[in-house]
Amino acid sequence: MKKDIQPESLTKWFPNTHNSKPLLISGPCSAETESQMLNTARQLAATGKVNVLRAGIWKPRTRPGQFEGAGTEGLGWLVRAKIETGLPVATEVANAQHVELCLKHGVDILWVGARTTVNPFSVQEIADALQGVDIPVLVKNPVNPDIELWIGALERLNKAGITKLAAIHRGFSSFEKGPFRNAPMWDLAIDLKTRVPELAIFCDPSHICGTRELIPFVAQKALDLDMAGLMVESHIHPDAAWSDAKQQVTPAALAKLIDGLIVRKPSVDSGSFKDTLTQLREQIDQLDDEIMQKLSARMKISEKIGVYKKENNVTILQVNRWEEIIHTRIALGLAMGLSEDFTRDMLKLVHHESIHVQEKVMNAVNQRVG
Ligand code: PEP
Ligand code: MN
């Protein structure tokens, strides 16, 4: 399978990016109006940090009746943004007609969205429309955590003659609701990198996070995993965006976010091995990351319990349950080498926050009813 994909690295291909890492693709989730598109593009270009402008023209929406994109008119705005800023532009294509329109208007880079990568019929239609065309194509991971579908989509495009291929990791839909809109499941991205080492992989923290506050952490993690670059959604007025409002940042906030990222050199490049302390600290970082995710998932369940208790007239604090938690967790902790005092203190803290979360839910429900 590996032999079927022989993509050039996009980072090598973009003329204006040899020294800039991470490569940054940014722009609004959707092109909404000509002035929103152009003003966002101008401000992004002015940061001097953006290598490629993005904007969704046809929007795949989970439910009908929401803004479904500006369509062909929006392509005109995107191309104006390209002419004004001199930056290459990218948009999502989901069928052959989108491909034809993009090629006609001079879009520089295409991407296949997560809801399209899941469907081999749609991917094949796009591949057929691209037969004999020399254009870079970025393939987002499918909505579901299936690496074969992701590789399959890359293969279909590669077989149609597309060599400027790259992947975009945007997280996966998951039944267990954690802090993220789409669970990163980093292992899958690492797996793709291992199976197709020539392929550049970008990370899209916006669609992984769903909220702008989390973006810096996910972006840093992507860089630490040596991803080739980032796709981050940016809008002049994020809160007023017609799609994905919560996860967009202003161009100024984007510049700050990028400045705050640390680009670490892979140890092979720097010619020195990571020292033991660095390695151990990385393991701690990884574990803290997992602990925070689990704590956040636990609080989300506390919230649901709060709703249930309210609906069923149950008190927030149930002493028996709390005693059982203390008892079983301390025993488990001791078996795992954690002191009784530590486990008790930690549980008290978690329990305290959990009660706080439930109180908030109950008050909110009360307000709505009242
Ligand atoms: C987008 O990039 O705006 C988008 C719709 O992304 P995804 O396909 O990752 O959901
Ligand atoms: Mn979006």
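The values are calculated or read from the model by the stated rules, or taken from the named source; none is laboratory data. Here the structure is a predicted model, which means the values were calculated and not measured. Reconstructed Cβ throughout: ideal geometry from the backbone, glycine too, with neighbour counts over all protein chains shown. Remember, those area values only see protein heavy atoms, side chains included, never the ligands or the DNA or RNA. Shrake-Rupley method; radii C 1.70, N 1.55, O 1.52, S 1.80 Å.
Some notes on this structure:
- Among the residues of region 60-98, those identified as within 16 Å of ligand 1 (Cβ to nearest atom), over 14 Å from Ala41 (Cβ atoms) and of a type in the set (Val, Ile, Thr) are Thr62, Val93.
- In region 23-68, residue farthest from ligand 2 (Cβ to nearest atom) [restricted to those that are open to solvent by less than 20 Å² (accessible area, probe 1.4 Å), over 20 Å from Trp242 (Cβ atoms) and in contact with a helix residue (DSSP H, G or I) (Cβ under 8 Å, 6 or more places away or on another chain)]: Leu23
- Applying the criterion of being of a type in the set (S, T, N, Q) and more than 16 Å from Ala31 (Cα to Cα) to the residues of region 88-115, the residue that is farthest from ligand 2 (Cβ to nearest atom) is Gln97.
- Applying the criterion of being open to solvent by 30 Å² or more (accessible area, probe 1.4 Å) and over 15 Å from Pro60 (Cα atoms) to the residues of region 115-128, the residue that is farthest from ligand 1 (Cβ to nearest atom) is Asp128.
- Some residue of region 107-114 being among the aromatic types (Phe, Trp, Tyr) and open to solvent by less than 20 Å² (accessible area, probe 1.4 Å): yes
- Within region 337-353, restricting attention to residues that are farther than 22 Å from Ile316 by Cβ and not charged (D, E, K, R), the residue that is surrounded by the most Cβ atoms within 10 Å (Cβ to Cβ) is Thr343.
- Just one residue in the set Ile301, Ile330, Ile316 is open to solvent by less than 90 Å² (accessible area, probe 1.4 Å), modelled with pLDDT of 90 or more and not polar (S, T, N, Q); that residue is Ile330.
- Looking only at residues of region 238-252 that are touching a residue at least 12 places away in the same chain (Cβ under 8 Å) and farther than 21 Å from Ile168 by Cβ, we find that the one that is least open to solvent (accessible area, probe 1.4 Å) is Thr250.
- Sole residue being more than 19 Å from Lys294 (Cβ to Cβ), in contact (Cβ under 8 Å) with a residue 12 or more places away in the chain and in contact with a helix residue (DSSP H, G or I) (Cβ under 8 Å, 6 or more places away or on another chain), chosen from Glu359, Glu353, Glu340: Glu359
- Within region 148-162, restricting attention to residues that are of a type in the set (A, V, I, L, M) and either not assigned by TED's automatic domain parsing to the domain that holds Ile126 or not in a helix (DSSP H, G or I) (or both), the residue that is farthest from ligand 1 (Cβ to nearest atom) is Ala160.
- Residues (over 16 Å from Leu165 (Cβ atoms) and of a type in the set (Gly, Ala, Ser)) located in region 95-129: Ala96, Gly106, Ala114, Ser122
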